[in-house]
Every structure is written in structure tokens, then in C-alpha cells.
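First comes the structure, then the notes that go with it.
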Amino acid sequence: MKTKHISIKTTTMVLLAILLIGCSDYLDVTPESVWESDSFYSTPQEAEIALAGIYGVIASDEGYGRDLMILEAGTDEYYYNRRFNEDWGVSLFRNTPSDNESFNFWTNQYQAINLANLFVESINPSSYQNIEDYNALIAEARFLRALCYFNLTNFWNAIPLRLNSSKDQSDNNKPAANLADVYQAITDDFTFASENLRHPSDAKYIPGRAHKLAAHGLLARVYLKMSGYPLKENHYADVVSHCDVVINDGYHLLTLGDGTNGYRNTFLNLIGGVYNTREVLFEISFQNLRDQGLIGVDGRYGALNGLNFGSANTFGDPNGFAQAGVYPTLSGLYDQATDLRYQWNIPSYRRTGTGDITDIGNELQVLFFCPAKYRRWEPLNYADIEIPGTNEQYIVLENSASELNRNFTSVNFPVLRYSDILLMYAEAANEINGGPTALAIQYLNEVRFRAGLDDISIEKPTVATNKQLFFDELVDERSRELCFEGVRRHDLIRWELLDDKLIEIKNIVEGHPNFSTANADHQAILRGPLNFDISKHLSLPYPLIEVSINQELDQKLEWR
């Protein structure tokens, strides 16, 4: 279901605002003139346009559209698979303070934050007949600001905290705030959003935008992060509390389909531009932004991290660069015979340049063993995979085949799904009670049942009675369920397990029956694990240009 909320004409105003306020060669350059906040957003229509502008910045290539995907790589799920260059430096742990992707993402998130600050300062309350509508718009801007700050602190830890719009160059000069203060600002914003945003069942709610239950869900994620490295404050009760709000509300649920295709259908909706607000609490809506006519906000999901189509990469093909490779550590987590998620998340097939759809062969086929969660196409008949031939038929899954592009896709990205709510509750309850509670086991089982798996108490009875074993199971289950959804790197860091998992990758790859020390592709798989340095790679260095411009921000000691 697609809904066009803002016309192309008004979108031009959004683009102008972004160009004037957000686009620069570096963060918050000195403006040509001083903006007078009270002259902006004097009508509800102008406020809606301004909000669309914030969403547009966040969805651009430098944000969720591309660079977040690149920054999230390099865990035990996926890696950069081009052995002849090192473009995804962060994923290979070869990044420096001058790394492009991290600088782009830093700048992008602060651009969105500045626009959100300007929005909060500039919206005119007298334009609204009731305070609820006014507060809902303020809450939406604060939701987006909190999301950006959470992304920034996930990658950089302590960061400058800017809660007012930039008026001149001096506003750039901010030291890194105390980490606890950054999290306080994030939780304040999400809390305000949870109290003032609309419910997703509200007639005024627009699918694809923030709502109150999404704010509760992201508060749970923030508190879970605060409970682990580096802050290590115990907020597990807060995690349970906010998960309870979402679960007990009853609106959100897992997509079950006919019992065998619920997980698949969840992602078919994201790929096809259909809003499934019952399972997906919040998504980056590239399809909706494309419908609105916003320029430069198409995503790359299913292209950079999807299946290669095996063609000449011409316009109109559901193609992709397939630059992400799947580690065998991920495929090894699944019961491949019974877990319905395995065949959806990890491909067993590829299309050759002659049009033949064939089995991949093995997990160390670097350029073909790629994520499939956001696939743009699939065989018309999976049985054809077993039959050698050419020009086998396929179907396009992405919405609007006439708009297919080699580089960009309209595949929406799930920031938060209901299954994550269930798993977060299970993890926090296990920590609070010194072992899994009945509800923790029930919620884990709900996720497992949808995947076609048995009751954890039956399949793994010791797991259901032991705190450490239950935690270990959740570490694996979160990857099985949420792989390629932007949470694994931060999960492993907060658990202090990233180093262990990278060592595990090295051992599993080198022990794989198809591994060869003479194979350059196989050696390339190991770049991340071999380059990782725990003394510096648990957070990113501040971008070189930011440190050069911001007179109060010093580079981290380990990155000097």
C-alpha cells in the first residue's frame, strides 16, 4: 500500500530547505546569513514539508541508504567480498580518521539532527487547533533526533551533543559530551515521543513514519545498549518495561502467513513497498520517499547486499553489485533442514551471465554466497535450479519493475521489528531473574515457532533452565532472526563478544573443507578478523575534518 502524502511541487521546497540548511562540504559550515527561526513553518503544511526533509536526509546514501549498511559489516554475519580493493574500510578494520563512509555517516546524522533542532525551534504552535497535533509533530522531530544520536553513539561512543540549531561557525565547537549525558538526551527524546506520538492504529497515523510504540521499542533497545559495554549500567528493568508496553498493547504481532511463510512475507512486503505496520514498528521508507519525488533517497538494499543477477548490469534488470559476502559462521547457526529463515536469508542459488539459475556450490564462493534477505528477484520455479539450462525464468519482487535500476532500489529497511521486541524482553528478563523466566521462554519460542522450530524446552532442555546457556542461545537467535538488519555489530560490542566472534570466523573459515591458502578470495575473507585490534576497533575515530573544524573536539588517543 503506497500513499502519497506530499506533492512533487511541495517536495521542491523540501529539497531547497535541505540544500540551504543541510548540504555542505563539511558539517554546519558558516551560513551566508542568519536564519530567523520564527519565520519558518508557520503552517501545518510547511511543518510537514520540513519533516519530510529530515526523513529524506536520513534515507540518503550517506545515511540509511548506503553507508549504515557498510559500517555495519565486518561482524560474524557479512563482510566486504571484493579482494582487489578495500573500499569498506570499517568492515575490514582498516579504517582511519579520513575514512569516507564514517565521515559521510557522521555528517549525515548531524545534518538530520540540525534540521530536527531547527524544526523544534521554529514550528508555530498557534497554527494548530489543538495541542496534541502540535506535540505530535515536535515528538516526531525528537524521535528522529534521538535515532540519529543513538546511531552516532553506537559507532563513536562519546560525541558532541548539539540540541540547538547551528546559527554560525562557533556553534560547531563542541567537545564530546559525557556518555551518560548523551544517553540521557536520547532517552528524553524517545520518552517525549512515546508520550506524544500517535498510535499506529490512529486514523491520523501515516504508515512509514514514527509512532509511539516504535518509540517504546527503541527505548528498550537504548536501555539494552546502556546495560552493556561501554556504559555498563543496569537498565534491564527499563528494557522489560518498554517491551511490555509494546507486547501488552496488542497491536503488534509476528507475521505468520499460512504457518510456513510468515518470515518470508515480512520481507516481501519490505521489498515490494507494502507497509506491514503490525510486525515492522519502524522502517526507512525508500518507496514512500520515491513516491514523494525526493531526489537522492533511493536505497541500496538488495543491490549492494543482495543477489547478483548475472547480467550485463543494464537498466531494467533487478541487478546488484553483491558486494557483501556471508560468513559461514552465520550459515552454521541454522538448522538448515528445518529453519525456514535459512533459505530466505542466505541463498542457495545464483544467476549466471547466460541466464542459467544454478546452485552456488559452497559457502566460500565469495562473490555468490551473498545476503538474500532483501533479494530483488527469485526463480519462478525453484525446481529449475536443479536442472542445467539457460535463460530460466525469474520473477521481480521489487515494486515497480519499470523503475528498476542497477544502482538503487526501493526496498524498505526495517529499523525495528516485533521479533526484536520479543528477543529483547527475553534477554533482559534472563538478566534480571538470573535465568530464563516463563515469559522469556515463551517469547523466544514465538520467534522460533514462526521459523518452524520446536519448543526450546523440548529441543534444548538445559538452555531453558540455565542463565548462561539461555543467553548463548539468544546470541545465536538474534543473528538467525535479525541478520543484516543493522544490529549485530552493536550487539556484539555491548556483549563484549566481537573479538571472540572474529576469532571464531578465522577458525571456521580455515577449517572449512573448501578452504585453500592459495585462494586469494579465501584469504580476503579473513581480512577483517586478521586486522581487528580490540584496543581501537570497538568504536570509530572522529572524522578528520570534524576534528580539524571543531576546535573543542580532540581525537581519541587510540586513533592519534
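Can you confirm whether the stretch 139-148 contains a residue that is basic (Lys, Arg), assigned to a helix (DSSP H, G or I) and either touching a Cys at 6+ places or on another chain (Cβ under 6 Å) or under 24 Å from Leu289 (Cβ atoms) (or both)? Yes.
Remark: pairs (first residue in the stretch 535-555, over 17 Å from Val90 (Cβ atoms); second residue at pLDDT 95 or above and not in a loop (DSSP other than H, G, I, E, B); Cβ separation under 6 Å; 6+ apart in sequence or on different chains) = Leu553/Val547.
Taken over the stretch 149-186, the criterion of being without any contact (Cβ under 8 Å) to a residue 40 or more places away in the chain and of a type in the set (S, T, N, Q) is satisfied by Thr153, Ser170, Asn178, Gln184. Gln323 meets each of the listed conditions (1) open to solvent by less than 50 Å² (accessible area, probe 1.4 Å); (2) in contact with a strand residue (DSSP E or B) (Cβ under 9 Å, 6 or more places away or on another chain); (3) more than 30 Å from Ala59 (Cβ to Cβ); (4) of a type in the set (S, T, N, Q) apart from (3). Of the strands (runs of 3 or more DSSP E) contained entirely in the stretch 330-390, those carrying at least 1 residues that are among the aromatic types (Phe, Trp, Tyr) fall at 349-351, 377-379.
Those helices (runs of 4 or more DSSP H) of the stretch 428-505 in which 3 or more residues are free of Cβ contacts under 8 Å to residues at least 60 places away in the same chain occupy 438-450, 456-459, 467-482.
Each row is one residue, and each column tells you yes or no for (1) open to solvent by less than 40 Å² (accessible area, probe 1.4 Å); (2) farther than 24 Å from Tyr374 by Cβ; (3) of a type in the set (D, E, K, R); (4) in contact with a strand residue (DSSP E or B) (Cβ under 6 Å, 6 or more places away or on another chain).
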position	(1), (2), (3), (4)
Ser165	yes, yes, no, no
Ala177	yes, yes, no, no
Phe190	yes, yes, no, no
Pro200	yes, no, no, no
Lys204	no, yes, yes, no
Gly217	yes, no, no, yes
Tyr223	yes, yes, no, no
Asn248	no, yes, no, no
Thr266	yes, no, no, no
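Just one of the numbered conditions (1) of a type in the set (A, V, I, L, M); (2) open to solvent by less than 40 Å² (accessible area, probe 1.4 Å); (3) more than 22 Å from Asn85 (Cβ to Cβ) is not true of Ile508: (2). Restricting attention to the stretch 409-456, the residues that are more than 17 Å from the chain's Cα centre (by Cα) and not aliphatic (A, V, I, L, M) add up to 19. Within the stretch 361-384, being over 19 Å from Tyr301 (Cβ atoms), of a type outside the set (S, T, N, Q) and surrounded by fewer than 18 Cβ atoms within 10 Å (Cβ to Cβ) holds for Gly361, Pro379, Leu380, Tyr382, Ala383, Asp384. Selection of the stretch 104-128 for residues being buried (at least 22 other Cβ atoms within 10 Å of the Cβ) and aromatic (Phe, Trp, Tyr) yields Phe105, Trp106, Tyr110, Phe119.
The values are calculated or read from the model by the stated rules, or taken from the named source; none is laboratory data. This structure is a prediction, so every number in the text was calculated from the model and none was measured. Cβ: placed from backbone, ideal geometry, glycine included. Neighbour counts: every protein chain shown. Note: areas computed on protein heavy atoms with side chains; ligands, DNA, RNA excluded. Shrake-Rupley method; radii C 1.70, N 1.55, O 1.52, S 1.80 Å.
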